[in-house]
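Heads up: the structure comes next, in structure tokens.
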Amino acid sequence: MDMNQYLGMFIEETKDHIQSLNDNLLKLEDTPNDNAIVNEVFRSAHTIKGMAGSMGFTKIQRLTHAMENVLSAVREGKLSINSDIMDVLFKCIDAIDTYLTAIIATGSEGSEENTELISNLEDILNVERNVQAFSQNETTDEFDEYVSKVIDRAYSQGYNVYKIKVILDSGCLLKAARAYLVFRTLEEYGEIIKSVPPVQDIEDEKFDYDFTLIVISRENINTIKNKILRISEIREVEINYIDRSKKESQRENIYESEAKKEVEVEKTKEIEKVASQHKTSKTVRVDIERLDVLMNLVSELIIIKSRIEGFTKQYNNRQYEESIEYLERITNSLHEAVMKVRMVPIERVFSRFPRMMRDLSRELNKEFELIVSGEDTEVDRTIVDELGDPLIHLLRNSADHGIETPEERVAAGKPKIGMIRISAFHDGNNVVIEVEDDGKGIDLDKVRRKAIEKGLIKEGQIDLTDQDIIDLLFLPSFSTKEVVTNLSGRGVGLDVVKTKIEQLGGVVDVVTQKGKGTKFSIRLPLTLAIIQALLIGVENEVYAIPLASIKEIVEIKKEDIVHVQGKKEVFMLRNQVIPIKKLSTILELDDKEKEKYTVVILKRGERLNGLIVDKLFGQQDIVIKSLGKYMENVKIVSGATILGDGSVVMILDPNYFNA
């Protein structure tokens, strides 16, 4: 069988389980006695092992098998969670993630065996292995403390507890495979709390032709009987109720002939189950390339809609106008529907950070808490995929540069444990992501001194504002760190953040207060495909400016413009000084003097800049088209669009004018 067709599914499912393992292990570290979390971790490891075995990835299978042994001992109360066990389990997750990365790149796991990790897991078991394992044929009703507590709790919550003995046909060749199907079937209806012999022995086929399971479930006995007997090569099933005193109160021997009597009952139950499942939401994985094709079709529809709208000036017909209005409503609805399909929660990026910050805290010997909010904020999938690296840089920057050591914080009158917060929220047609810490803030004097050392500014230069000094941090190869470490000091980081965010059509702003902390704010468009823009004119050329970057449009007189420092032009707007530039001058076109000027006020966080234009043509939905590699160095434009009449219009990059 060709397994390549299932590779994509395996990769996606394994990614989900790796994230689940990270999340649940972090919870388990805080509440080590929570058996429910242990069970979730065990299930994820077990599922990864099963999928890896099916795909032939034996290295992942061996590692997760060793993890299962340790987790099984924890479930049974033979092991207690401690920091050493947690560290090893986290390393195992990293190893699985490394295997998966290799599989994505090459289709194979690579050569790393991780024998040391597997040995560490085995050593953990050997230290604690002082409990005699159940013999293969054991049928006693005595349970250990963990199982007894689970049974008591199950009955108190209205569950049934069954002791199920499964007997395979004597000619069964794939005993472990049949046992795996039994496990999967029972897990649909309840939870397996004990296995005799242990799960690992069953999977290694270290048993004859029968095994016994203790299962808690709300389902009736008939449903479970018939489900198991539908699996091929199952000769017999014995199911016993276990009462609260752990004594057998009822015993039934089930054979395949008896199962036929219950078929109608089983069908009814399945119909009821299917009906109840329809009440929950369904999801489906869709290749992003298919969504891109759909988005391109919507884009073409918007272009032709704009073209048809231009004909309304030629035809003064009410029915024609109504048809155009209807087309516009349908187009907008279709656009919104496609956008919603492309939207994914930003949680898929945020979810990787708690684990990263835990490891970072240990590496830096600092104590801080990561607070995450707004994980359900949705943004275009193409943007989400690009956000990981910039946010990692900012979080590491906050931990390394911002948060002080515990001793420094106590001396400064702060709580010993620092705070780093990452949050996301919608603001109009933008999504805003903030990374904030309560650390020592940015030392602007130190930044100035470093800039002088590097020759970026002249000593004694006094015309720099605090914001100008902060902007120096985003220059390539700029770092205030005196000692180079594996985290910082090499001058890479913030310039990467700025470059990546601006490539996504966004901006980065910084607010800092010495001794109080720093906040980085990233503002991004919800989508990179279709935006609202203002069409403006200079000379005989038409350009587009993203509407989300425009604060307002004003008209000023010639005498309102003031020259400062010889060349810089500004004007006053409600007692605020606004720098101003002429688009015609920037584009090296004829600069005609006028008595009045139309000024588009561009915003970048709290910073405002004015751009003088000749004409305004109104706002319009536009489809962004890439300029390709040949024009990637033209900083003044970020893309192009096609208008309804077929003309190509350049989209101006607001970041260029706010630089």
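Any residue at all in the range 192-200 that's assigned to a helix (DSSP H, G or I) and surrounded by fewer than 15 Cβ atoms within 10 Å (Cβ to Cβ)?
So in the range 192-200, the residues assigned to a helix (DSSP H, G or I) come out as 199-200.
Imposing the further condition that a residue be surrounded by fewer than 15 Cβ atoms within 10 Å (Cβ to Cβ) reduces the set to 200.
Yes: one or more hits.
Give me the pairs: first residue in the range 583-598 and without any contact (Cβ under 8 Å) to a residue 40 or more places away in the chain, second residue outside any loop (DSSP other than H, G, I, E, B) and surrounded by 10 or more Cβ atoms within 10 Å (Cβ to Cβ), beta-carbon distance under 6 Å, and six or more apart or on different chains, which are they?
Matching pairs, first to second residue: Asp591/Ser584; Asp591/Thr585; Glu595/Lys558.
Any chance you could count how many residues in the range 396-421 are under 12 Å from Phe368 (Cα atoms), among the acidic types (Asp, Glu) and assigned to a helix (DSSP H, G or I)?
Matching residues across the range 396-421 total 1.
Please pick out the residue among Ile85, Ile96, Ile18 that is in a helix (DSSP H, G or I), over 30 Å from Val150 (Cα atoms) and of a type in the set (Val, Ile, Thr). Before you say what the answer is, go through the steps one by one.
Details: Ile85 fails: over 30 Å from Val150 (Cα atoms); Ile18 fails: over 30 Å from Val150 (Cα atoms).
The unique qualifying residue is Ile96.
Which number in (1) outside any helix (DSSP H, G or I); (2) farther than 25 Å from Met357 by Cα marks the one condition that Phe10 misses?
It fails just one condition, (1).
Among the residues of the range 350-395, what is the count of those that are basic (Lys, Arg), out of contact with any helix residue (DSSP H, G or I) (no Cβ under 6 Å at 6 or more places or on another chain) and assigned to a helix (DSSP H, G or I)?
Quick first cut of the range 350-395, residues basic (Lys, Arg) only: 352, 355, 358, 362, 366, 381.
After this cut, where a residue has to be out of contact with any helix residue (DSSP H, G or I) (no Cβ under 6 Å at 6 or more places or on another chain) as well, the list is 352, 358, 362, 366.
Okay, now just the ones that are also assigned to a helix (DSSP H, G or I), so 358, 362.
The number of residues fulfilling the criteria is 2.
Kindly provide the set of residues from the range 143-165 that are surrounded by 13 or more Cβ atoms within 10 Å (Cβ to Cβ), part of a loop (DSSP other than H, G, I, E, B) and at pLDDT below 80, ordered by number.
Phe143, Asp144
Residue pairs, Cβ under 7 Å, 6 or more apart or interchain, first in the range 357-373 and in the same structural domain as Ala424 (by TED's automatic domain parsing), second polar (S, T, N, Q) and part of a helix (DSSP H, G or I). List them.
Taking only residues 6 or more apart or on different chains, the pairs are Glu367/Ser361; Phe368/Ser361.
State yes or no: is Lys49 in a helix (DSSP H, G or I) and either touching a Cys at 6+ places or on another chain (Cβ under 6 Å) or at pLDDT 90 or above (or both)?
Values: in a helix (DSSP H, G or I): yes; either touching a Cys at 6+ places or on another chain (Cβ under 6 Å) or at pLDDT 90 or above (or both): no.
When the stated conditions are applied, Lys49 does not pass them.
Would you be able to say whether some residue in the range 171-183 is among the charged types (D, E, K, R), in the same structural domain as Arg230 (by TED's automatic domain parsing), surrounded by fewer than 18 Cβ atoms within 10 Å (Cβ to Cβ) and touching a helix residue (DSSP H, G or I) at 6+ places or on another chain (Cβ under 9 Å)? Even if it seems obvious, please write down each step before you answer.
Let us first name the residues in the range 171-183 that are among the charged types (D, E, K, R), namely 175, 178.
Still in the list and also in the same structural domain as Arg230 (by TED's automatic domain parsing): 175, 178.
From the residues that got through so far, the ones that are surrounded by fewer than 18 Cβ atoms within 10 Å (Cβ to Cβ) too are none.
Within the range 171-183, none of the residues are among the charged types (D, E, K, R), in the same structural domain as Arg230 (by TED's automatic domain parsing), surrounded by fewer than 18 Cβ atoms within 10 Å (Cβ to Cβ) and touching a helix residue (DSSP H, G or I) at 6+ places or on another chain (Cβ under 9 Å).
Of the residues Glu116, Glu109, only one is modelled with pLDDT of 85 or more, outside the structural domain of Glu188 (by TED's automatic domain parsing) and assigned to a helix (DSSP H, G or I); which? Let's see the steps before the verdict.
Details: Glu109 fails: assigned to a helix (DSSP H, G or I).
One residue alone meets the criteria, Glu116.
Can you go through Leu587, Leu573, Leu616, Leu643 and tell me which one is of a type outside the set (S, T, N, Q), modelled with pLDDT of 85 or more, assigned by TED's automatic domain parsing to the domain that holds Leu534 and surrounded by 17 or more Cβ atoms within 10 Å (Cβ to Cβ)? Give the steps one after another, and end with the answer.
On the way: Leu587 fails: surrounded by 17 or more Cβ atoms within 10 Å (Cβ to Cβ); Leu616 fails: surrounded by 17 or more Cβ atoms within 10 Å (Cβ to Cβ); Leu643 fails: modelled with pLDDT of 85 or more.
After ruling out the rest, the residue left standing is Leu573.
Only one of these is at pLDDT below 75, crowded, with 19+ Cβ neighbours inside 10 Å and more than 23 Å from the chain's Cα centre (by Cα): Ser488, Ser477. Name it. Talk me through it step by step, then tell me what you get.
Numbers: Ser477 fails: crowded, with 19+ Cβ neighbours inside 10 Å.
After ruling out the rest, the residue left standing is Ser488.
Restricting attention to the range 34-47, does a residue exist that is of a type in the set (Asp, Glu), closer than 20 Å to Leu181 by Cβ, in contact with a Lys or Arg (Cβ under 8 Å, 6 or more places away or on another chain) and not assigned by TED's automatic domain parsing to the domain that holds Asp359? So that I can check it myself, show each step before the final result.
Pass one, the range 34-47, residues of a type in the set (Asp, Glu): 34, 40.
Okay, now just the ones that are also closer than 20 Å to Leu181 by Cβ, so none.
No, the range 34-47 has no match at all.
Which of (1) within 27 Å of the chain's Cα centre (by Cα); (2) part of a strand (DSSP E or B) is the odd one out, the single condition Ile553 does not satisfy?
With respect to (1) within 27 Å of the chain's Cα centre (by Cα); (2) part of a strand (DSSP E or B), Ile553 is out only on (1).
Taking the range 28-56 as the search range and keeping residues that are touching a His at 6+ places or on another chain (Cβ under 7 Å) and not hydroxyl-bearing (Ser, Thr, Tyr), which one is surrounded by the most Cβ atoms within 10 Å (Cβ to Cβ)? Even if it seems obvious, please write down each step before you answer.
First, pick out the residues of the range 28-56 that are touching a His at 6+ places or on another chain (Cβ under 7 Å): 44, 47-49.
Now restrict to residues that are not hydroxyl-bearing (Ser, Thr, Tyr): 48-49.
Numbers: Ile48: 29, Lys49: 22.
Of everything passing the filter in the range 28-56, Ile48 is surrounded by the most Cβ atoms within 10 Å (Cβ to Cβ).
Could you tell me how many of the residues in the range 594-645 are among the basic types (Lys, Arg) and over 23 Å from Glu552 (Cα atoms)?
Step one: list which residues in the range 594-645 are among the basic types (Lys, Arg), which gives 594, 596, 603-604, 607, 615, 625, 629, 635.
Pick out the ones that are also over 23 Å from Glu552 (Cα atoms) and you get 625, 629, 635.
Residues meeting the conditions: 3.
For the subset of the range 558-570 comprising residues that are closer than 17 Å to Leu611 by Cβ and in contact (Cβ under 8 Å) with a residue 12 or more places away in the chain, which member is surrounded by the fewest Cβ atoms within 10 Å (Cβ to Cβ)?
Within the range 558-570, the match that is surrounded by the fewest Cβ atoms within 10 Å (Cβ to Cβ) is Lys558.
The values are calculated or read from the model by the stated rules, or taken from the named source; none is laboratory data. This structure is a prediction, so every number in the text was calculated from the model and none was measured. Neighbour counts are summed over all protein chains in view; Cβ atoms, including those assigned to glycine, are modelled from backbone coordinates with ideal geometry.
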